[in-house]
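A quick write-up on the structure given underneath.
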Amino acid sequence: MNESVKTWLDKNAPDWRKILYNIVLVILLPVVALYLLWRLVVQGKSRAGLPQRLGILPDSVSKLKEADGRIIWVHAVSVGEVAAAEPILHQLRLVEPTSHIVLSTTTPTGHKMAEKLGLDVEALIYFPFDFPGITERTLRTISPDLIVLMEAELWPNLLAAARARNISTAVVNGRISDAAFPKNRLFRPLFSWMLSNVDLVCAQSQKDADRFIALGAPPQRVKVSGNSKFDENFPHVPPEEQAKWRQDLGLSRESAVWLAASTHPGEDEPILDAFDRLRAGHPDLELVIAPRHPERGDEIEKLVSEHGYATYRRSRVLAEQHQGKDIDLRSTTQVRVVILDTIGELNRIFSIATLVFMGGSLVPRGGHNILQPLAQGKPVVFGPHMHNFQDITDLTLDQQAAIQVQDASQLFEVTDRLLSSQVERELYQTKGQSLLQRQSGASQRMVGELAPLLSER
């Protein structure tokens, strides 16, 4: 065979892994279609942004390529990734002030969070399904110079299509959890193909970097840059605002507040059980439950009622106030539990807590970001399942800046002890805020690594 023809075939022949991946997608398409139909019709989910998920974007997005300046597409799945993306977006603006930024999310809660934060982006869209045709249409419309994927968002068809179009791609804040890594290794050929199409991986830690390399990322493309969550723009909540939050939530001005944040099914019941017991020694203690998914408000309200408490539903009160109704938050002498079933308020409400339990950790969901309550100077307690935030967890425990419990019994014991000791609470406050100061700067390092990719364009 002519050498030039052989070279052309080697370069342009489709990768067998891509072929196999898309064959599997086609085989699974009826199942996926039924699942999406069930989410749309039965659950009422996935309706938001459905045209965009199919690659049909607003004209305002397609017109960005007609303007001067590069286009950077940043993808953040949900609430946590959007929060982590905020400081990176800020640094991108400083380094690339003339560039146009498109931000995509997968979940409606992530979309709402991005809107709530008022991020400085030219467009906010929903991420497309990773099907051939859909990804190509999306790339034609956006025409990005650089695609930045947050944390662990690797999508085979998108990355392959980007490489075919000579679009630079990067993973920032990259992480591979303890739970995900063994599963990912079973599909190493697929990950090796995906990562061969990624120009840069900015990993959170050396352990994450080693895992990306073990899955097939070229070592020279992998950097350790830290975790941008430490650079989050944590709000300062002055005392007068804290007093206003207490008033708005129907909490007394001086009572201790136990805030159970980002809870999942299976956690609210043991929290309420612990609250029952804690009130015996701390009769003025008040409880705020903030479910990870606000649509669980009805489910939690039922549990609260079964424990004999009245409820304050934040979403319901806001709706009634919007209708012009006067709300008497102290119309009952019954103990009230606050259910914070809203988006975007928790970050500031951490400021009124006496101590915080971070959910998703008593059940095997992998935990949630503990840096927001630490930044507000709050002692933080979490359960044994924190694998989605293992690096942050390890750092925090190493510096004795938070407490990990193994079960609901320990949760009660530790919470009882912290409520009884202001000195211990202040010690955790000092250690937590010192940790944040030492770990800052990751976003600047990541954008510094991204800059050469844009320069090459």
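Within region 286-310, if we keep just the residues that are of a type in the set (A, V, I, L, M) and either more than 22 Å from residue 372 (Cα to Cα) or under 20 Å from the mean Cα position of the chain (by Cα) (or both), the residue that is modelled with the lowest pLDDT turns out to be 310. Residues that are surrounded by fewer than 19 Cβ atoms within 10 Å (Cβ to Cβ) and without any contact (Cβ under 8 Å) to a residue 40 or more places away in the chain number at least 1 in the following strands (runs of 3 or more DSSP E) confined to region 166-238: 222-224.
Of the residues making up region 399-457, those that are in contact (Cβ under 8 Å) with a residue 12 or more places away in the chain, among the hydrophobic types (A, V, I, L, M, F, W, C) and farther than 29 Å from residue 149 by Cα number 10.
Scanning region 278-319 for residues that are of a type in the set (D, E, K, R) and not in a helix (DSSP H, G or I) yields 284, 286, 292, 313.
Looking across region 91-141 at every residue that is in a loop (DSSP other than H, G, I, E, B) and of a type in the set (Gly, Ala, Ser), the one that is farthest from residue 53 (Cα to Cα) is identified as 99. Scanning region 58-73 for residues that are under 19 Å from residue 149 (Cα atoms) and more than 24 Å from the chain's Cα centre (by Cα) yields a count of 2.
Going through region 1-31 one residue at a time, which ones are modelled with pLDDT of 55 or more and exposed (fewer than 13 other Cβ atoms within 10 Å of the Cβ)?
Once the filter is applied, which keeps residues that are modelled with pLDDT of 55 or more and exposed (fewer than 13 other Cβ atoms within 10 Å of the Cβ), region 1-31 yields 14, 16, 19, 23, 24, 26, 27, 28, 29, 30, 31.
So, residue 42, is that one crowded, with 19+ Cβ neighbours inside 10 Å, hydrophobic (A, V, I, L, M, F, W, C) and either assigned to a helix (DSSP H, G or I) or at pLDDT 95 or above (or both) or not? The answer is no for residue 42. When you check residue 418 against the structure, is it part of a helix (DSSP H, G or I) and touching a Pro at 6+ places or on another chain (Cβ under 8 Å), yes or no? Answer is yes for this residue. Looking at (1) in contact with a helix residue (DSSP H, G or I) (Cβ under 9 Å, 6 or more places away or on another chain); (2) part of a helix (DSSP H, G or I); (3) free of Cβ contacts under 8 Å to residues at least 40 places away in the same chain; (4) not aliphatic (A, V, I, L, M), which one does residue 351 not meet, given that it meets all the others? In the conditions (1) in contact with a helix residue (DSSP H, G or I) (Cβ under 9 Å, 6 or more places away or on another chain); (2) part of a helix (DSSP H, G or I); (3) free of Cβ contacts under 8 Å to residues at least 40 places away in the same chain; (4) not aliphatic (A, V, I, L, M), residue 351 misses (3) alone.
The values are calculated or read from the model by the stated rules, or taken from the named source; none is laboratory data. Not measured: the values here are computed from a predicted model. Methodologically, a virtual Cβ is constructed for each residue, glycine included, from the backbone with ideal geometry; neighbour enumeration extends over all protein chains shown.
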